[in-house]
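These notes concern the structure reproduced below.
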Amino acid sequence: MRISEIFYSIQGEGVYTGVPMVFIRLQGCPFRCTWCDSVYTWDPKGGEEMTLDEVLRAAAKWPAKHACITGGEPLAQPRDFRALANALKQKGYWIEVETSGGYELPMDGPIDSWVMDIKCPGSGMERYNKYEEMARLREQDQVKFVVTSRKDFDFALDVLEQHKTKAVALFSPAWDQVDPAQLAEWVKAEAPQSRLSLQVHKVIWAPNRRGV
Ligand code: SF4
């Protein structure tokens, strides 16, 4: 499979913020979000080719038993993704997956928490959203909206109204584009069943630092 990077950090966003996790970042993404902070994953020929055993050995260097499969878009390598998820589960990992919102989700797999990133207009990619997948998410899953503006926030509220989901809804301010305090006020007033999600790893380390 094509791997961008494998590293050990704390989960910086979402319901499991603060949990030490091994991050396995798959290479390749067909989308081009305006605010993407991992453009180095876009080229499907970038990164390096690794076998499943090599990936598992790399992950096992660290003590964590929580793993986050991310990208890029991990579902762009569907067979390798399934093999990786199954192998991690066999090794006893709790598994979170971060995906773009543009793919059908393999809900029959061993994933403990999906994070589906529904794209708002500010991303330029909202036409690829697979809204119907929101109804398949479970209570332990998450649906995330990265917000660049009030327009994006209104869009997200409409999506949540029209596409019912059991997943936890997260609102995340696009870095340097929306004041987190402003977004917090909108969430408090208009989306009280949802959560504000900050990218804590960027606060702890640096906005553009890789491997954290
Ligand atoms: S889907 Fe993710 S990796 Fe792909 S362009 Fe958007 S933010 Fe970047």
What do you reckon, is L88 of a type in the set (A, V, I, L, M), within 13 Å of the ligand (Cβ to nearest atom) and in contact (Cβ under 8 Å) with a residue 12 or more places away in the chain?
no
Would you check which residues across the range 44-59 are in a loop (DSSP other than H, G, I, E, B) and either under 18 Å from the mean Cα position of the chain (by Cα) or crowded, with 16+ Cβ neighbours inside 10 Å (or both) and list them?
P44, G47, M50
State the number of residues belonging to the range 12-35 that are of a type outside the set (D, E), crowded, with 18+ Cβ neighbours inside 10 Å and in contact with a helix residue (DSSP H, G or I) (Cβ under 8 Å, 6 or more places away or on another chain).
10
Specify the residue that is farthest from the ligand (Cβ to nearest atom); the eligible residues are those in the range 139-163 that are out of contact with any Lys or Arg (no Cβ under 6 Å at 6 or more places or on another chain) and of a type in the set (D, E, K, R).
E161
Consider S4 carefully, then state whether it is closer than 19 Å to S100 by Cα, at pLDDT below 95 and within 13 Å of the ligand (Cβ to nearest atom).
no
Pairs only if they're at least six apart or on different chains, beta carbon under 8 angstrom, first in the range 69-80 and more than 10 Å from the ligand (Cβ to nearest atom), second among the charged types (D, E, K, R) and not in a loop (DSSP other than H, G, I, E, B); list them, first residue then second.
I69/E96; I69/E98; Q77/R2; D80/R2
Please go through the range 105-139 and give me each residue that is among the hydroxyl-bearing types (S, T, Y) and under 22 Å from R82 (Cβ atoms), ordered by number.
S113, Y128
Answer yes or no: is there a residue in the range 112-130 that is farther than 24 Å from T34 by Cβ and out of contact with any strand residue (DSSP E or B) (no Cβ under 6 Å at 6 or more places or on another chain).
no
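The values are calculated or read from the model by the stated rules, or taken from the named source; none is laboratory data. Worth saying up front: this structure is predicted, and the values here are computed from it rather than measured. Because the Cβ atoms are built from the backbone with ideal geometry, glycine has one as well, and the counts that use them run over all protein chains shown.
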